[in-house]
Amino acid sequence: MNIYVDSKMSDDSRRKELYRGSIFVHSPSPSALRLCQLAQSMIEEAFHPFDPLTVHQHITPEKCAEILAVLKPRFIHHPESKQCIQGILSEAGCDLSQTYFDVPRMRTAYPGDYLKSGIAYAFHPHRDTWYSAPYCQINWWMPIYDLNSENGMALHPHYFDRPIKNSSRGYNYHKWNLESRQNAAQHVKSDTRVQPRAEEPIELDPQVRLVCKVGGAYQFSAASLHSTVPNTSDVIRYSIDFRTVHLADVLGRIGARNVDSECTGTTMGDYLRGTDFSHLPNEAISMYQDGTEVMYAKA
Ligand SMILES: [Fe+2]
């Protein structure tokens, strides 16, 4: 496994490396900085008059969750967010006509036990492929404000090829969407939603914590084990992540190897083409469907 910094590798070669567990780190690009600025202005407006990095010292977790429940979807669906992703992808050498992305999410990690469930879920070690992501999915992650090693995200590369006993067999993306997502803001103190997790002790070390600049981003495979770093700093972490798939890899079933995932359903219906935001062709989506999308169709 390699960590590439500002690599000039073509996107085709880069994806092959990502599927082998490598990580690609990018310096801030103009569109990434624009996306971070958009996020910052929305965050600052939402928490006004408080400093967004220390809001936890001023308001209750319940109030904070209430604000996040409005702020996060507003950011996800902001028209400028999608345009920034287009820019980030083309600045990173991706072919927009072949690359599909899902809308960017805003994530938060609060110091201590202030708020770490529901709308601010602190992710236990997981692979996104336990959550019905395809093996060709690539994750992108970037901090919105200055990051430090105590409030970021960790990758656990020694598990890339190593199966972990896990409960992904009980997870279905369509069922999850139907039952859980709408209620995320209600889970302030604890989270009762069933999520796929390891069923054996996980050795978190050695771990990689990439501390990049605001607008800097890194890419890793959806099959990479990663987790939220317990925030032992005194400031809140705000970050953005989004995912991409490449049409040729979707059609060719090319991607990371499945070492241990048994979930059902697929996120393939979520990705939007870099050029015109259209969904993947039906024949591509249907290759990954298993019937559960009908079973748990929204009423
Ligand atoms: Fe994840």
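The values are calculated or read from the model by the stated rules, or taken from the named source; none is laboratory data. What you see is a predicted model; the values in this text were computed from it and never measured. Reconstructed Cβ throughout: ideal geometry from the backbone, glycine too, with neighbour counts over all protein chains shown. Accessible surface areas use protein heavy atoms only, side chains included; no ligands, DNA or RNA. Shrake-Rupley method; radii C 1.70, N 1.55, O 1.52, S 1.80 Å.
Among the numbered criteria (1) within 19 Å of the chain's Cα centre (by Cα); (2) of a type in the set (Ser, Thr, Tyr); (3) at pLDDT below 95, which single criterion is violated by TYR19?
TYR19 satisfies every listed condition except (3).
Could you check segment 62-79 and list, in sequence order, the residues that are in a helix (DSSP H, G or I), in contact (Cβ under 8 Å) with a residue 24 or more places away in the chain and of a type outside the set (Val, Ile, Thr)?
GLU62, CYS64, ALA65, GLU66, LEU68, ALA69, LEU71, LYS72, ARG74, PHE75
Enumerate the strands (runs of 3 or more DSSP E) found wholly within segment 216-287, keeping only those where 3 or more residues are among the charged types (D, E, K, R). Quick ask: steps written out before the conclusion?
Details: elements: 217-221, 226-228, 237-246.
Answer list for segment 216-287: 237-246.
Please list, ordered by first then second residue, the pairs with beta carbon atoms under 6 Å, 6 or more apart or interchain, first in segment 32-61 and without any contact (Cβ under 8 Å) to a residue 12 or more places away in the chain, second open to solvent by less than 80 Å² (accessible area, probe 1.4 Å).
From residues that are without any contact (Cβ under 8 Å) to a residue 12 or more places away in the chain, the pairs are GLU44/PRO52; HIS58/PHE50.
Those residues that are farther than 21 Å from HIS77 by Cα, within 16 Å of the ligand (Cβ to nearest atom) and open to solvent by less than 10 Å² (accessible area, probe 1.4 Å), I need them from segment 228-255; list them, please.
The answer is VAL229, and nothing else.
Identify, by number, the condition in (1) modelled with pLDDT under 90; (2) within 16 Å of the ligand (Cβ to nearest atom); (3) of a type outside the set (Val, Ile, Thr); (4) touching a Phe, Trp or Tyr at 6+ places or on another chain (Cβ under 6 Å) that SER168 doesn't meet.
The single condition SER168 does not satisfy is (1).
Inspect segment 281-297 for any residue being within 26 Å of PHE24 (Cα to Cα), modelled with pLDDT of 95 or more and either buried (at least 17 other Cβ atoms within 10 Å of the Cβ) or more than 15 Å from the ligand (Cβ to nearest atom) (or both) and give the result as yes or no.
Within segment 281-297, the first condition is being within 26 Å of PHE24 (Cα to Cα), and the residues that meet it are none.
Checked segment 281-297: no residue is within 26 Å of PHE24 (Cα to Cα), modelled with pLDDT of 95 or more and either buried (at least 17 other Cβ atoms within 10 Å of the Cβ) or more than 15 Å from the ligand (Cβ to nearest atom) (or both).
Considering only segment 13-31, state which residues are free of Cβ contacts under 8 Å to residues at least 12 places away in the same chain and either open to solvent by 70 Å² or more (accessible area, probe 1.4 Å) or β-branched (Val, Ile, Thr) (or both).
If the condition is that a residue be free of Cβ contacts under 8 Å to residues at least 12 places away in the same chain and either open to solvent by 70 Å² or more (accessible area, probe 1.4 Å) or β-branched (Val, Ile, Thr) (or both), then LYS16 is the only one that fits.
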